[in-house]
Amino acid sequence: MDSHGGHGPATEDELDPDEPRTPLWLPLLGLCLFVAGLVYFLSGQKPEEPAPAASAAPSASAAPAAP
């Protein structure tokens, strides 16, 4: 008899009989965190705005000179 209880040769992908299986919510949690991080990263990218020119016309809030 073989050492695996007669179920054939064990492969590296096969779990031991006493090894607990991963709950389904754990990989889903990882996927949700990855997608949330990706959305945060992509939405956080802001396009560069052109700097205001120094030779722009004076603003309308400037007080006119007194006569």
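None of the figures in this text is laboratory data; all of them are computed from the coordinates on show. Please read all numbers here as calculations on a predicted model, not as lab measurements. Here the Cβ is made from the backbone with ideal geometry for all residues, glycine too, and neighbour counts use every protein chain on show.
Remark: spin-label model distance residue 21-residue 46 equals 4.9 nm, labels positioned 7 Å along the Cα→Cβ axis. For segment 12-27, backbone phi angles converted through the Karplus equation (6.51, -1.76, 1.60; θ = phi - 60°) give residue-by-residue couplings of 5, 7, 8, 7, 5, x, 8, 7, x, 7, 5, x, 5, 6, 5, x Hz, Gly and Pro being listed as x.
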